[in-house]
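Undergrad: There's a structure below that I have some questions on.
Laboratory data are not the source of any read-out in this text; all were calculated from the coordinates shown. Keep in mind that what you see is a predicted model, and the values were worked out from it rather than measured. We place every Cβ from the backbone using ideal geometry, glycine too, and count neighbours over all the protein chains shown.
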């Protein structure tokens, strides 16, 4: 039986980890779609900017980027507010964690979406135009569902890595489930026990995610397997 104080600490850490992971996923997906669109666009400037983004981010360790974003942005904001004689704006650790993780994994999602978009047959887009669909309708009803069929395997892998990467936020002051387990373990003298609980939490999230991904895969592959049989 876990003592009340430690159970509250763990539940708070679990909630923090889930909120951080889901918010970061939303940011990463948005950046990934924008980045993929930039890489596939006819604008050379956009292609170069997107290539620099994905190359640099995927080359630098996540921990270094976390520290750079959190501390560098805060220093730049402090300099700007001092120059403009405004009140100081503090970046809270949660927002910094979401922005950083979303920014990092947006680079990976960019490559995932780019490859998935390229895998969609051009004839499907031409057919959508022939039916009189607007650009947005063609993307929402044709391009996106077809693209997701190819993107899901890589997206699921990046999502699972993103969940584990949330443990990095402890260095900027956020008490996620890993940090909560460490503190509870040190306070109770049962570090191994609480770390096992944290590991089981990640295992549970991974298992649930696998079920959701399998359902999404089934949805986006409707008609495909039947046609292959």
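Undergrad: Since residue 31 meets every condition but one in (1) over 14 Å from residue 112 (Cα atoms); (2) buried (at least 17 other Cβ atoms within 10 Å of the Cβ); (3) under 14 Å from the mean Cα position of the chain (by Cα), which condition does it not meet?
TA: (1)
Undergrad: When you check residue 125 against the structure, is it touching a residue at least 40 places away in the same chain (Cβ under 8 Å), assigned to a helix (DSSP H, G or I) and either over 18 Å from the mean Cα position of the chain (by Cα) or within 21 Å of residue 27 (Cβ to Cβ) (or both), yes or no?
TA: Numbers: touching a residue at least 40 places away in the same chain (Cβ under 8 Å): no; assigned to a helix (DSSP H, G or I): yes; either over 18 Å from the mean Cα position of the chain (by Cα) or within 21 Å of residue 27 (Cβ to Cβ) (or both): yes.
Here the answer is no, as residue 125 does not meet what is asked.
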